[in-house]
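The values are calculated or read from the model by the stated rules, or taken from the named source; none is laboratory data. Quick caveat: nothing in here was measured; it's all calculated off a predicted structure. As a convention, Cβ positions derive from the backbone with ideal geometry for all residues, glycine included, and neighbour counts pool all protein chains shown.
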Ligand SMILES: Cc1ncc(C[n+]2csc(CCOP(=O)(O)OP(=O)(O)O)c2C)c(N)n1
């Protein structure tokens, strides 16, 4: 018998993540976000799986496409949205923006430098091991980041020391415009794990049940002292690399086909209806998550922006050069 209560939790969590990113798209249209915005539409099943697999005290270090991982780690959604909208009430007082949300008490951070999330996660894993703590660090990267030197260096050290590290590769098959199959020497990233004497797992990242099971397995493996894991979850990116990407590398038809075939939320809705849940109940969940995100955005947009007079607060050097300032 399928556990429909658990399935509905997963469905709601994916719906909440999508609604969050849709609120970000709305904020961008309202010119509340400046600079590049990278949303994760199409990748919600991986975020929902991460939520279930993490335990308190674990660490997550994410990428430029970080919102779902932050939500999975338990970062306060309102503070995250306020940070993305550059508000004083944001996680970092509006100074980090969408690519650099930091929640040190919660062991969450992100970086816009491709591949650089992994050595930071390695540091967490090393610290956990040195302190004898029962926590796992998750370093997230895309397929593009898996080709970086930082990926290799991280895996070498993590495996040599059997560190509690899980490297999550969200393989959406595109690094901006670069097709994974055209540049990867192996057909999967997971199979590279054998070169590091690590566990490699490959999973359909559009199937929330499958990716949850594999993610929990990866975390158990790392937590029990058996060394690092590479878990590769294949998925599709439904929007451009960033908002404003002209997407010359794929046609509109191709994008629509991916959305029609591989939407993790629609696929799970089918599974839930097969398990006897009514469509109207599923639609009501999505509707309520959208309404909650919309209300949260309205609140956030009423929050103050940082005071320009405080622009140099939190800068760590004393003699900052400010153009035009008196000597
Ligand atoms: C070191 C570095 N090189 C290049 C870039 C520019 N850049 C930003 S995102 C990106 C592609 C990342 O692709 P992938 O790792 O597959 O992640 P995805 O965007 O698909 O989530 C690149 C090259 C960067 N931010 N950092």
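Residue 138 meets the conditions (1) in contact (Cβ under 8 Å) with a residue 60 or more places away in the chain; (2) within 12 Å of the ligand (Cβ to nearest atom) in every case but one. The failed one is (2). Determine which single condition residue 152 fails, assuming it passes every other condition in (1) under 19 Å from residue 231 (Cβ atoms); (2) surrounded by fewer than 20 Cβ atoms within 10 Å (Cβ to Cβ); (3) in contact (Cβ under 8 Å) with a residue 60 or more places away in the chain. Among (1) under 19 Å from residue 231 (Cβ atoms); (2) surrounded by fewer than 20 Cβ atoms within 10 Å (Cβ to Cβ); (3) in contact (Cβ under 8 Å) with a residue 60 or more places away in the chain, residue 152 violates only (3).
Out of all the residues in the range 155-183, which are in a loop (DSSP other than H, G, I, E, B), surrounded by fewer than 19 Cβ atoms within 10 Å (Cβ to Cβ) and within 14 Å of the ligand (Cβ to nearest atom)?
If the condition is that a residue be in a loop (DSSP other than H, G, I, E, B), surrounded by fewer than 19 Cβ atoms within 10 Å (Cβ to Cβ) and within 14 Å of the ligand (Cβ to nearest atom), then 173, 176, 177 are the ones that fit.
Among residues of the range 169-188 that are over 27 Å from residue 60 (Cβ atoms), those with a Cβ under 8 angstrom from a residue that is within 11 Å of the ligand (Cβ to nearest atom), sequence gap 6+ or separate chain, pair up as 177/241; 179/173; 181/173. Here is a check on your reading of the model: is residue 50 buried (at least 23 other Cβ atoms within 10 Å of the Cβ), within 17 Å of residue 208 (Cα to Cα) and either without any contact (Cβ under 8 Å) to a residue 24 or more places away in the chain or more than 12 Å from the chain's Cα centre (by Cα) (or both)? Judged against the criteria, residue 50 is not a match. If you check 132, 97 for being surrounded by 19 or more Cβ atoms within 10 Å (Cβ to Cβ) and on the phi > 0 side of the Ramachandran plot, only one passes: 97. Regarding residue 35, is this residue in a loop (DSSP other than H, G, I, E, B) and buried (at least 24 other Cβ atoms within 10 Å of the Cβ)? For residue 35, the condition - in a loop (DSSP other than H, G, I, E, B) and buried (at least 24 other Cβ atoms within 10 Å of the Cβ) - is not met.
Of note, residue 112 does not satisfy the criterion of being within 16 Å of the ligand (Cβ to nearest atom), at pLDDT below 95 and crowded, with 17+ Cβ neighbours inside 10 Å.
Applying the selection to the range 282-309, what residues are in contact (Cβ under 8 Å) with a residue 60 or more places away in the chain and more than 24 Å from residue 27 (Cα to Cα)? Residue satisfying the conditions is 282 alone.
Within the range 62-76, is even one residue assigned to a strand (DSSP E or B), touching a residue at least 12 places away in the same chain (Cβ under 8 Å) and either over 13 Å from the mean Cα position of the chain (by Cα) or within 16 Å of the ligand (Cβ to nearest atom) (or both)? There is at least one residue in the range 62-76 that is assigned to a strand (DSSP E or B), touching a residue at least 12 places away in the same chain (Cβ under 8 Å) and either over 13 Å from the mean Cα position of the chain (by Cα) or within 16 Å of the ligand (Cβ to nearest atom) (or both).
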